[in-house]
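Asks: Take a look at the following structure, please.
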Amino acid sequence: GESKATFDKEQITKELQLYNEVKNSNLINKPTNTVFALCHNLLIHSPEKGKEFLKLLNKPTEDKEIIGNLFTELIFTGEYGEQIALDNLESNNIVWSQTWAGYLSSLAVYESSIPRIEKMLQQTNDTEIKQDLIGALMYISNPKSIEIVKQIIETTKNDEVQTKAIFAIAELTGYDGIKYLESIKTVGEKSKEEKKSSIDWLKKETSSKNKY
(Lines give C-alpha, C1' and ligand atoms only; values in the text may rest on other atoms or scores of the structure.)
Protein backbone atom coordinates (compact mmCIF):
# COMPACT_ATOMS: atom_id res chain seq x y z
CA GLY A 1 0.00 0.00 0.00
CA GLU A 2 2.87 2.40 0.68
CA SER A 3 3.83 2.62 -2.98
CA LYS A 4 0.30 3.72 -3.93
CA ALA A 5 -0.07 6.40 -1.27
CA THR A 6 0.24 10.02 -2.39
CA PHE A 7 2.44 12.63 -0.74
CA ASP A 8 2.73 16.30 -1.43
CA LYS A 9 5.80 17.73 -3.14
CA GLU A 10 6.78 19.67 -0.04
CA GLN A 11 7.26 16.49 1.97
CA ILE A 12 9.30 14.86 -0.78
CA THR A 13 11.45 17.99 -1.10
CA LYS A 14 12.12 17.90 2.66
CA GLU A 15 13.09 14.24 2.47
CA LEU A 16 15.59 14.96 -0.28
CA GLN A 17 16.98 17.88 1.73
CA LEU A 18 17.38 15.66 4.79
CA TYR A 19 19.12 13.06 2.65
CA ASN A 20 21.69 15.60 1.49
CA GLU A 21 22.28 16.65 5.10
CA VAL A 22 22.73 13.04 6.25
CA LYS A 23 25.06 12.32 3.34
CA ASN A 24 27.36 15.10 4.50
CA SER A 25 27.30 14.15 8.18
CA ASN A 26 28.65 11.34 10.35
CA LEU A 27 25.20 9.75 10.28
CA ILE A 28 26.12 8.19 6.95
CA ASN A 29 28.73 6.11 8.81
CA LYS A 30 26.69 5.54 11.99
CA PRO A 31 23.07 5.49 10.80
CA THR A 32 20.23 5.48 13.30
CA ASN A 33 16.79 3.93 12.90
CA THR A 34 15.51 7.34 11.81
CA VAL A 35 18.10 7.48 9.03
CA PHE A 36 16.88 4.11 7.76
CA ALA A 37 13.29 5.35 8.00
CA LEU A 38 14.27 8.28 5.77
CA CYS A 39 15.94 5.87 3.34
CA HIS A 40 12.76 3.78 3.30
CA ASN A 41 10.63 6.83 2.45
CA LEU A 42 13.00 7.82 -0.34
CA LEU A 43 12.84 4.31 -1.78
CA ILE A 44 9.09 4.83 -2.08
CA HIS A 45 8.86 8.50 -3.11
CA SER A 46 12.19 9.02 -4.93
CA PRO A 47 13.38 5.49 -5.84
CA GLU A 48 16.65 6.38 -7.58
CA LYS A 49 17.77 8.60 -4.71
CA GLY A 50 16.60 5.92 -2.28
CA LYS A 51 18.76 3.31 -3.98
CA GLU A 52 21.70 5.72 -3.96
CA PHE A 53 21.11 6.30 -0.24
CA LEU A 54 20.88 2.58 0.50
CA LYS A 55 24.20 1.91 -1.21
CA LEU A 56 25.86 4.60 0.90
CA LEU A 57 24.45 3.05 4.09
CA ASN A 58 25.59 -0.41 3.07
CA LYS A 59 28.97 -0.67 4.81
CA PRO A 60 30.63 -3.48 6.78
CA THR A 61 29.57 -3.36 10.42
CA GLU A 62 29.05 -5.66 13.39
CA ASP A 63 26.19 -3.53 14.74
CA LYS A 64 23.23 -5.92 14.79
CA GLU A 65 20.66 -3.12 14.66
CA ILE A 66 22.20 -1.63 11.52
CA ILE A 67 22.48 -5.07 9.95
CA GLY A 68 18.81 -5.72 10.75
CA ASN A 69 17.83 -2.44 9.09
CA LEU A 70 19.90 -3.31 6.02
CA PHE A 71 18.21 -6.71 5.82
CA THR A 72 14.80 -5.03 5.88
CA GLU A 73 15.59 -2.48 3.17
CA LEU A 74 17.29 -5.00 0.90
CA ILE A 75 14.24 -7.25 1.11
CA PHE A 76 12.03 -4.22 0.41
CA THR A 77 13.95 -3.33 -2.76
CA GLY A 78 13.58 -6.83 -4.20
CA GLU A 79 16.01 -7.98 -6.87
CA TYR A 80 18.04 -4.76 -6.60
CA GLY A 81 18.54 -5.43 -2.90
CA GLU A 82 19.50 -9.05 -3.48
CA GLN A 83 22.24 -7.90 -5.85
CA ILE A 84 23.61 -5.68 -3.05
CA ALA A 85 23.56 -8.72 -0.76
CA LEU A 86 25.62 -10.57 -3.37
CA ASP A 87 28.07 -7.66 -3.52
CA ASN A 88 28.47 -8.01 0.25
CA LEU A 89 28.90 -11.77 -0.07
CA GLU A 90 31.86 -11.15 -2.39
CA SER A 91 33.55 -8.83 0.14
CA ASN A 92 37.13 -9.51 1.22
CA ASN A 93 35.91 -9.00 4.78
CA ILE A 94 35.17 -12.61 5.80
CA VAL A 95 32.81 -11.67 8.65
CA TRP A 96 30.79 -9.41 6.35
CA SER A 97 30.74 -12.12 3.70
CA GLN A 98 29.49 -14.67 6.27
CA THR A 99 26.76 -12.26 7.39
CA TRP A 100 25.37 -12.00 3.88
CA ALA A 101 25.75 -15.68 3.12
CA GLY A 102 23.49 -16.15 6.14
CA TYR A 103 21.03 -13.63 4.69
CA LEU A 104 20.94 -15.42 1.35
CA SER A 105 20.60 -18.84 2.98
CA SER A 106 16.95 -18.17 3.81
CA LEU A 107 16.01 -15.01 1.90
CA ALA A 108 17.40 -15.49 -1.62
CA VAL A 109 14.55 -15.73 -4.13
CA TYR A 110 15.79 -14.50 -7.52
CA GLU A 111 17.10 -16.81 -10.25
CA SER A 112 19.37 -13.98 -11.42
CA SER A 113 21.40 -14.57 -8.25
CA ILE A 114 22.28 -18.17 -9.11
CA PRO A 115 25.43 -17.55 -11.24
CA ARG A 116 27.05 -15.40 -8.55
CA ILE A 117 26.12 -17.83 -5.77
CA GLU A 118 27.53 -20.76 -7.75
CA LYS A 119 30.73 -18.82 -8.51
CA MET A 120 31.22 -18.06 -4.81
CA LEU A 121 30.58 -21.70 -3.92
CA GLN A 122 33.43 -22.70 -6.20
CA GLN A 123 35.79 -20.03 -4.86
CA THR A 124 35.30 -20.10 -1.10
CA ASN A 125 36.89 -22.52 1.35
CA ASP A 126 34.78 -21.26 4.24
CA THR A 127 32.55 -24.07 5.52
CA GLU A 128 29.91 -21.72 6.94
CA ILE A 129 29.59 -19.80 3.69
CA LYS A 130 29.41 -22.99 1.62
CA GLN A 131 26.59 -24.38 3.76
CA ASP A 132 24.64 -21.12 3.61
CA LEU A 133 24.99 -20.81 -0.16
CA ILE A 134 23.82 -24.37 -0.69
CA GLY A 135 20.79 -23.32 1.35
CA ALA A 136 20.33 -20.28 -0.88
CA LEU A 137 20.25 -22.44 -4.01
CA MET A 138 17.76 -24.73 -2.30
CA TYR A 139 15.42 -21.83 -1.47
CA ILE A 140 15.60 -20.39 -4.99
CA SER A 141 14.72 -23.93 -6.15
CA ASN A 142 15.78 -23.77 -9.77
CA PRO A 143 16.42 -27.28 -11.20
CA LYS A 144 19.53 -25.88 -12.90
CA SER A 145 21.22 -25.90 -9.48
CA ILE A 146 20.93 -29.67 -9.14
CA GLU A 147 24.17 -30.37 -11.00
CA ILE A 148 26.35 -28.06 -8.92
CA VAL A 149 24.89 -29.45 -5.69
CA LYS A 150 25.64 -32.97 -6.94
CA GLN A 151 29.18 -31.87 -7.78
CA ILE A 152 29.62 -30.64 -4.20
CA ILE A 153 28.29 -33.93 -2.80
CA GLU A 154 30.69 -35.94 -4.95
CA THR A 155 33.83 -33.86 -4.39
CA THR A 156 33.70 -32.41 -0.87
CA LYS A 157 35.55 -34.06 1.97
CA ASN A 158 33.78 -31.95 4.57
CA ASP A 159 31.06 -33.82 6.43
CA GLU A 160 29.00 -30.72 7.28
CA VAL A 161 29.08 -29.37 3.72
CA GLN A 162 28.07 -32.75 2.30
CA THR A 163 25.28 -33.03 4.86
CA LYS A 164 23.83 -29.69 3.76
CA ALA A 165 24.17 -30.63 0.09
CA ILE A 166 22.38 -33.96 0.62
CA PHE A 167 19.50 -32.15 2.34
CA ALA A 168 19.36 -29.68 -0.56
CA ILE A 169 19.38 -32.35 -3.25
CA ALA A 170 16.45 -34.11 -1.56
CA GLU A 171 14.52 -30.83 -1.64
CA LEU A 172 15.48 -30.01 -5.23
CA THR A 173 14.89 -33.43 -6.79
CA GLY A 174 12.08 -34.89 -4.68
CA TYR A 175 10.99 -38.44 -5.49
CA ASP A 176 13.15 -38.59 -8.62
CA GLY A 177 16.29 -38.13 -6.52
CA ILE A 178 15.92 -41.29 -4.43
CA LYS A 179 18.17 -43.44 -6.63
CA TYR A 180 20.85 -40.77 -6.70
CA LEU A 181 20.70 -40.37 -2.92
CA GLU A 182 21.08 -44.13 -2.50
CA SER A 183 24.28 -44.02 -4.59
CA ILE A 184 26.02 -41.33 -2.52
CA LYS A 185 29.24 -42.24 -0.74
CA THR A 186 29.12 -40.26 2.49
CA VAL A 187 32.23 -38.81 4.12
CA GLY A 188 31.16 -38.80 7.78
CA GLU A 189 28.52 -39.60 10.36
CA LYS A 190 26.41 -36.46 9.82
CA SER A 191 26.16 -36.96 6.08
CA LYS A 192 25.46 -40.67 6.57
CA GLU A 193 22.55 -39.86 8.87
CA GLU A 194 21.25 -37.13 6.53
CA LYS A 195 21.37 -39.52 3.58
CA LYS A 196 19.29 -42.07 5.49
CA SER A 197 16.75 -39.57 6.81
CA SER A 198 16.37 -37.90 3.38
CA ILE A 199 15.72 -41.23 1.66
CA ASP A 200 13.32 -42.33 4.38
CA TRP A 201 11.44 -39.04 4.17
CA LEU A 202 11.15 -39.13 0.39
CA LYS A 203 9.93 -42.73 0.39
CA LYS A 204 7.34 -41.90 3.03
CA GLU A 205 6.12 -38.50 1.83
CA THR A 206 6.55 -38.58 -1.97
CA SER A 207 5.65 -40.85 -4.89
CA SER A 208 5.80 -40.99 -8.68
CA LYS A 209 2.48 -39.09 -8.68
CA ASN A 210 3.41 -36.66 -5.89
CA LYS A 211 7.10 -35.99 -6.45
CA TYR A 212 7.50 -33.20 -3.91
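Asks: Among (1) of a type in the set (Gly, Ala, Ser); (2) open to solvent by 50 Å² or more (accessible area, probe 1.4 Å); (3) under 11 Å from the mean Cα position of the chain (by Cα), which single condition is Ser112 missing?
Replies: Going through the list (1) of a type in the set (Gly, Ala, Ser); (2) open to solvent by 50 Å² or more (accessible area, probe 1.4 Å); (3) under 11 Å from the mean Cα position of the chain (by Cα), Ser112 breaks only (3).
Asks: Please find, among Glu194, Glu128, the residue that is open to solvent by 80 Å² or more (accessible area, probe 1.4 Å) and either in a helix (DSSP H, G or I) or of a type in the set (Lys, Arg) (or both). Don't jump to the end; show me each part of the working.
Replies: Values: Glu194 fails: open to solvent by 80 Å² or more (accessible area, probe 1.4 Å).
So the residue among Glu194, Glu128 that is open to solvent by 80 Å² or more (accessible area, probe 1.4 Å) and either in a helix (DSSP H, G or I) or of a type in the set (Lys, Arg) (or both) is Glu128.
Asks: Working only within the range 182-203, note down all residues that are touching a Phe, Trp or Tyr at 6+ places or on another chain (Cβ under 7 Å) and among the hydroxyl-bearing types (Ser, Thr, Tyr). Even if it seems obvious, please write down each step before you answer.
Replies: The first filter runs over the range 182-203 and keeps only residues touching a Phe, Trp or Tyr at 6+ places or on another chain (Cβ under 7 Å), leaving 194, 198, 202.
Of everything in the range 182-203, just one residue is touching a Phe, Trp or Tyr at 6+ places or on another chain (Cβ under 7 Å) and among the hydroxyl-bearing types (Ser, Thr, Tyr), namely Ser198.
Asks: If you don't mind, another one. Would you pick out the residues in the range 97-109 that are part of a helix (DSSP H, G or I) and either touching a helix residue (DSSP H, G or I) at 6+ places or on another chain (Cβ under 6 Å) or basic (Lys, Arg) (or both)?
Replies: Residues of the range 97-109 part of a helix (DSSP H, G or I): 97-107.
Ser97, Gln98, Trp100, Ala101, Gly102, Tyr103, Leu104, Ser105 - these are the residues of the range 97-109 that are part of a helix (DSSP H, G or I) and either touching a helix residue (DSSP H, G or I) at 6+ places or on another chain (Cβ under 6 Å) or basic (Lys, Arg) (or both).
Asks: When the residues of the range 6-25 are narrowed to those that are open to solvent by less than 100 Å² (accessible area, probe 1.4 Å) and outside any helix (DSSP H, G or I), which ends up farthest from Leu43 (Cα to Cα)?
Replies: Ser25
Asks: Kindly establish whether Ala85 is among the small types (Gly, Ala, Ser) and open to solvent by 50 Å² or more (accessible area, probe 1.4 Å).
Replies: Here the answer is no, as Ala85 does not meet what is asked.
Asks: If you take just the helices (runs of 4 or more DSSP H) that sit entirely in the range 144-188, which of them hold at least 3 residues that are surrounded by 21 or more Cβ atoms within 10 Å (Cβ to Cβ) and among the aliphatic types (A, V, I, L, M)? Give the steps one after another, and end with the answer.
Replies: Details: elements: 146-155, 159-173, 178-183.
The qualifying helices (runs of 4 or more DSSP H) are 146-155, 159-173.
Asks: Within the range 26-56, track down each residue that is under 22 Å from the mean Cα position of the chain (by Cα) and open to solvent by less than 70 Å² (accessible area, probe 1.4 Å). Don't jump to the end; show me each part of the working.
Replies: Start the filter on the range 26-56 by keeping residues that are under 22 Å from the mean Cα position of the chain (by Cα), which leaves 36, 39-40, 43, 50-56.
Result: Phe36, Cys39, His40, Leu43, Gly50, Lys51, Phe53, Leu54, Leu56.
The values are calculated or read from the model by the stated rules, or taken from the named source; none is laboratory data. Bear in mind that the values here come from a model prediction, so they are computed numbers and not experimental data. When we count neighbours, we look across all protein chains shown, and the Cβ atoms used for this are built from the backbone with ideal geometry, even at glycine. Heads up: the accessible areas ignore ligands, DNA and RNA and are worked out on the full protein's heavy atoms, side chains in. Shrake-Rupley method; radii C 1.70, N 1.55, O 1.52, S 1.80 Å.
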